[in-house]
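One structure below.
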Amino acid sequence: MEYKKLRVIISGGGTGGHIFPAVSIAKKLREVNPESEILFVGASGKMEMEKVPAEGFEIIGLPITGLQRQLNLKNIAGDILVPFKFLESIRRARKIIDEFKPDIAIGVGGYASAPLLMAAVQKKIPALIQEQNGFAGLTNKMLGPRVQSICVAYEGMEKFFPADKIILSGNPIRPEMHPYSRSEKLEGLDFYGFDPAKRHILIVGGSLGSGTLNKAMKAWIEAGCPGGEDVEVLWQCGRYYKAGIDAFMEGRGLKGVKHTDFIARMDLAYAMADVIISRSGASSVSEICATAKAAVFVPSPNVAEDHQTHNAMALVRKDAALMVTDAEAPEKLLQTALSLVHDPERIAALECNAAAMALPGAAQTIVDEVYKILAK
């Protein structure tokens, strides 16, 4: 395939789950042709406005905001403005398209992608959607019939999109995510100062952290860490909760529990872990499959269409992961993870089944689809 120079707009964002796949696609586009020009369009004030430039790409923000699901006076007042911000965002998106003149528009989901993709299809610009979750979001479902291709991460997405437009690509993930060797595991244990003779659990709460995962961990510690005599834990508590967890941990002298707000070397954290406890956002699920790790998922209930439960269940149904509900987590989560970490045969089965669900090379598959669309 000839990878000619392209002008590409990539829209979406709001969370890391949307941003990191988008950046992976952009990097692959640049890799196959360094002369290609790529412009990101996101939501003003959201994390993509910081993360995308840090990766070396230009981004323009739109005033788009999403509806707030929690009812209070502030949110109701904000929700009243949503339609007006949406219309203004479409107007600005049309102007961006007129000025940038893209060959194709790529939407990675979230409300931030809607105005740009709607403007693109109105202007007859070829468009591609990348749906990361096992349950399609409202924006992508609405635009699916009007775009050229829809790249998905899970089977069975025909219930949301036209079957003839679906490409099973997987989710683009960080290139350092792969099944790790024994030497990489030992490197990870050494990096984090853990004992190779013990078993290891990694708790991933996301950049801001997970109140539920932190509550479960605190309850286990307060109970005296039952069942954890030969277990060490790397606990990513998140920036939002760090001060409170610092205060909680002070003076406890738990050498086998290390907490941090952020994990810079996520590859080594994955490598050293026997079991991972995580929310089930699309990127997290894809990374766990790519690294062939045994996981206990706790889907967040605070997401649109409960898509994290759908993501987790895609693995649970194939015996590739375990799941504990958010409501059950404070009582059951650590018990479940500890039971699993002491069962090597169960770990091996989950690892094997998770690896079978991995779709490596997703970014390349999506980039190839972009060029196929433009060659028609």
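Could you give P(r) for segment 128-199, binned at 5 Å from zero, as whole percent values over all Cα-Cα pairs?
Pair shares across the bins are 3, 15, 21, 13, 6, 7, 8, 9, 10, 7, 1, 0.
Rolling a 1.4 angstrom probe over the protein chains, ignoring ligands and nucleic acids, what is the accessible area of F160 in square angstrom, nearest 10?
Counting only protein heavy atoms, the figure is 30 Å².
Principal axis lengths of segment 267-376 from Cα atoms, whole Å, largest first?
55, 31, 25
On a 0 to 90 degree scale, rounded to 10, what angle separates helix 307-316 from the longest Cα axis of the chain?
60 degrees
How do F20, F262, F248 stack up against each other in accessible area, from largest to smallest, with a 1.4 angstrom probe? Before the final figure, lay out the partial values.
Details: F20 95, F262 130, F248 25 Å².
Largest accessible area first, the list is F262, F20, F248.
Can you list residues from other chains, or at least 5 along the same chain, whose modelled amide H is less than 5 Å from the amide H of L168?
Correct list: V152.
Give the carbon-plus-sulfur fraction of the accessible surface of segment 252-355 in %, rounded to a whole number; probe 1.4 Å, heavy atoms of protein chains only. Before the final figure, lay out the partial values.
Numbers: 2080 of 4080 Å².
Taking all protein chains in place, segment 252-355 shows 51 percent carbon and sulfur surface.
Among the GluC sites (Glu not before Pro) in segment 240-330, which ones are in a DSSP loop with at most 13 other Cβ atoms within 10 Å of the Cβ? Mind listing them? Don't skip to the answer; put the middle values down first.
On the way: sites: E250, E287, E305, E328; in loops: E250, E328.
Here the GluC sites (Glu not before Pro) that fit, given the DSSP loop and packing criteria, are E250.
Within segment 1-52, what whole-number % of the accessible surface is contributed by carbon and sulfur, with the 1.4 Å probe and all protein chains included in the calculation? Mind showing how you got there, number by number?
Details: 1040 of 2220 Å².
Within segment 1-52, the accessible surface is 47 percent carbon and sulfur.
Could you give me the ³J(HN,Hα) list for segment 246-260, computed from phi with Karplus coefficients 6.51, -1.76, 1.60 and θ = phi - 60°, whole Hz, x at Gly and Pro?
Values per residue, Gly and Pro as x: 4, 5, 5, 7, 4, x, 7, x, 8, 5, x, 10, 10, 10, 8 Hz.
Within segment 144-194, report the GluC sites (Glu not before Pro) that DSSP leaves as loop and that have at most 14 other Cβ atoms within 10 Å.
Values: sites: E155, E158, E176, E184, E187; in loops: E155, E176.
Hits after loop and neighbour filter: E155.
Please report, to two decimal places, log10 I(q)/I(0) for segment 83-192 at q = 0.12, 0.17, 0.20 Å⁻¹ as given by the Debye formula with identical point scatterers on the Cα atoms and no solvent.
These q points yield log10 I(q)/I(0) values of -0.52, -0.80, -0.99.
Over 32 Å between C-alpha atoms is what I'm after, so list which of K141/K258; K4/K51; K27/K376; K46/K198; K198/K318; K101/K293 land there.
Numbers: K141/K258 42 Å; K4/K51 27 Å; K27/K376 24 Å; K46/K198 40 Å; K198/K318 29 Å; K101/K293 43 Å.
Beyond 32 Å: K141/K258; K46/K198; K101/K293.
Please compute the modelled spin-label separation between E88 and F262, points set 7 Å along Cα→Cβ, answer in nm with one decimal.
Taking the two extended label points, one gets 3.0 nm.
Which value, in Å³ per residue, describes the convex hull spanned by the Cα atoms of the chain? Don't skip to the answer; put the middle values down first.
Values: hull volume 53.0 nm³, N = 376.
Residue-normalised Cα hull volume stands at 141 Å³.
Run through all the Cα pairs of segment 309-357 and give the fraction in each 10 Å bin from 0, expressed as whole percent.
The percentages, shortest bin first, are 26, 51, 23, 0.
Where the centroid of each part is defined by its Cα atoms, how far is segment 258-310 from segment 142-175 in Å?
Going from one Cα centre to the other spans 22 Å.
Which percent of the accessible heavy-atom area of segment 154-238 goes to carbon and sulfur, probe 1.4 angstrom?
On the way: 2090 of 3930 Å².
The nonpolar share, carbon plus sulfur, comes to 53 percent.
FRET efficiency for K101 and E2, Cβ-Cβ distance as r, R0 = 22 Å, nearest 0.05? Don't skip to the end; give the middle numbers.
On the way: r = 21 Å, r/R0 = 0.95.
Efficiency, from the Cβ-Cβ distance: 0.55.
Which trypsin sites (Lys or Arg not before Pro) in segment 88-142 sit in a loop by DSSP (not H, G, I, E or B) and have at most 15 other Cβ atoms within 10 Å of their own Cβ?
Numbers: sites: R91, R92, R94, K95, K123, K124, K141; in loops: K123, K124.
Those satisfying the criteria are K123, K124.
Measure out, as a whole number of angstrom, how far apart the alpha-carbon centroids of segment 346-376 and segment 189-242 sit.
30 Å
Which whole-Hz couplings ³J(HN,Hα) result when phi for each residue of segment 125-131 is put into the Karplus expression 6.51 cos²θ - 1.76 cosθ + 1.60, θ = phi - 60°, listed in order with x for Gly and Pro?
My calculation for segment 125-131 gives 7, x, 9, 9, 10, 10, 9 Hz in order.
Enumerate the calculated ³J(HN,Hα) couplings along segment 351-364 in order (Karplus 6.51 cos²θ - 1.76 cosθ + 1.60, θ = phi - 60°), each rounded to whole Hz, writing x wherever the residue is Gly or Pro.
My calculation for segment 351-364 gives 4, 4, 6, 5, 4, 5, 8, 5, 10, x, x, 4, 4, 5 Hz in order.
Normalising by the residue count of the chain, find the relative contact order in percent from Cα pairs under 8 Å and 6+ residues apart. All intermediate terms of the calculation are to be shown ahead of the outcome.
Details: 729 pairs, mean separation 59.5, N = 376.
About 16 percent, as a whole number.
Using only protein heavy atoms and a 1.4 Å probe, report how much of R265 is accessible, in Å² to the nearest 10.
Accessible area, nearest 10 Å²: 90 Å².
Using the scaling law 2.2 N^0.38 Å as the reference, what is the normalised Cα Rg of segment 268-330?
Values: Rg = 11.1 Å, N = 63, 2.2 N^0.38 = 10.6 Å.
For segment 268-330, the normalised Cα radius of gyration comes out at 1.05.
Using modelled amide H (1.01 Å from N, peptide plane; none on Pro or chain starts), what sits under 5 Å from the amide H of I277, excluding residues fewer than 5 places away?
Excluding prolines and chain starts, which carry no amide H, the hits are L202, I203, V204, V296.
Starting from the amide H of L6, placed 1.01 Å from N in the peptide plane, find each other amide H under 5 Å away whose residue is 5 or more places distant or on another chain.
Residues meeting the criterion, in which the H sits 1.01 Å from N, are S36, E37.
Rolling a 1.4 angstrom probe over the protein heavy atoms, how many square angstrom per residue are accessible across the chain?
Details: 17040 Å² over 376 residues.
Computed with neighbouring chains in place, this is 45 Å² per residue.
Quick one: if you stick a label point 7 Å off each Cα along the C-beta vector at L254 and A219, how many nm between them?
My value for the distance between the label points is 1.4 nm.
With no solvent and one point on each alpha carbon, what is the Debye value of log10 I(q)/I(0) for segment 143-289 at q = 0.11, 0.18 Å⁻¹?
-0.52, -1.04
The values are calculated or read from the model by the stated rules, or taken from the named source; none is laboratory data. Keep in mind that this is a model prediction, so the values were computed, not measured. Neighbour counts run over all protein chains shown; Cβ positions are idealised from the backbone, glycine included. Areas reflect the complete protein model, heavy atoms only, side chains present, ligands, DNA and RNA absent. Shrake-Rupley method; radii C 1.70, N 1.55, O 1.52, S 1.80 Å.
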